[in-house]
1. Label E214 and E286 with points 7 Å out from Cα along Cα→Cβ: what is the distance between them in nm?
2. Rounded to the nearest angstrom and ordered from largest down, what semi-axes does the equivalent ellipsoid of the chain get from its C-alpha gyration tensor (root of 5λ)?
3. For q = 0.19, 0.22 Å⁻¹, what log10 I(q)/I(0) does the stretch 87-189 give under the Debye formula with an equal point scatterer on each alpha carbon and no solvent?
4. With the chain treated as a Gaussian network of Cα nodes joined by springs under 10 Å, which of S125, S225, S278 yields the largest mean-square fluctuation?
5. Identify all lysines with a Cα-Cα distance to K245 below 19 Å; exclude those on the same chain that are fewer than 8 residues away in sequence.
6. If a paramagnetic tag sat 7 Å from the Cα of K75 along the Cα-Cβ line, which residues of the stretch 16-34 would have the backbone N under 20 Å from that point?
7. With θ taken as phi - 60° and the coefficients 6.51, -1.76 and 1.60, list the Karplus ³J(HN,Hα) couplings across the stretch 87-93 in order, rounded to whole Hz; mark glycine and proline as x.
8. Quick one: P(r) of the stretch 2-83 from all Cα-Cα pairs, 10 Å bins, percents rounded to integers, in order of increasing distance.
Amino acid sequence: MDTVVEALRLKLGEDAVALAEPMSGHTTFRTGGPADIFIMPKSLEEVKASIEILQKHQTPILVIGNGSNLLVSDKGIRGAVVHIGGRMSEIAIDGETIYAQGGVLLSTLSAKAAENSLTGLEFASGIPGSLGGAVTMNAGAYGGEMKDVLVSAEVLTKELEVKSIIAEDLHLSYRHSILPEEEYILLNATLRLKKGNIEEIKNRMKELGEQRREKQPLQFPSAGSTFKRPEGYFAGKLIQDAELKGKSIGGAQVSEKHAGFVINKGNATTQDILDLISFCQQTVFEKFGVSLETEVKIVGEF
């Protein structure tokens, strides 16, 4: 591992590479053990250089954004985590077109769109993820989703080629794109919005923010909706009907405010959360014959 770290630090600088980095600081669940190597690139070139070095040394790689859809094992992550975050969060606006790096937060991006009287991203203002994660899973809320505004994505392939892909070729559907299966890393994205009224845009964002605060347990760490929506059902309703609202295991709890959210009450371990997820899945299946699939991605050493 020393050789890999040395090569990375030589290429990216000392401050871009951390060792035994606690992943609880990089996920919205606020749980997870240490990543052996944690890399914070600040450009396309540095992402490419990092992946090249890691591949050469056969080091396992996990690429993350804001960690808003991740549940990391208590034992942590063996190998390297490449964090496309705040160091890669530039935004440029040209008329109704927005060019942005994958590390920019959706809240920042939607606020910037609003400042420029651009409508179409209001739905994303309260989603706690980065643009990279949002495109990767076609994030959506309140009737809007990324596929409504995405024009194209610039990605890094596993062969280390930079490739531009138009939105329709990403096969965006409910919480899905081809990025994970092709092992593409999102570097930048181009979005097209429409000119709107700045006051109306800001009012809509405020309205959605109030709806979120009223209906979701935002004061507790979580990864948002824990489960995907099963066809013909709502996960939260099934969990509520199974009388699991408020059910706790260790420091993890099915939110009393919204049964579709598993939350960290303050001292949860990842195992607590996993045990509670599993309990919900089992109970809902036994009562209603419906399989709940997690929306959250589970990673690390188990």
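1. About 3.6 nm separates the two model spin labels.
2. On the way: eigenvalues 181, 145, 55 Å².
Largest first, the chain gives 30, 27, 17 Å.
3. With one equal scatterer per Cα and no solvent, log10 I(q)/I(0) is -0.89, -1.20.
4. S278
5. Reachable lysines: K215, K228, K237, K257, K265, K287.
6. Taking a point 7 Å out along Cα→Cβ of K75, the residues of the stretch 16-34 whose backbone N falls under 20 Å are 20-25, 31-34.
7. 6, 10, 9, 6, 10, 10, 10
8. Result, from short to long distances: 20, 54, 25, 1 percent.
Rule-based calculations on the coordinates, nothing more; no lab input. Remember, it's a predicted structure, so these values are computed and weren't measured experimentally. Because the Cβ atoms are built from the backbone with ideal geometry, glycine has one as well, and the counts that use them run over all protein chains shown.
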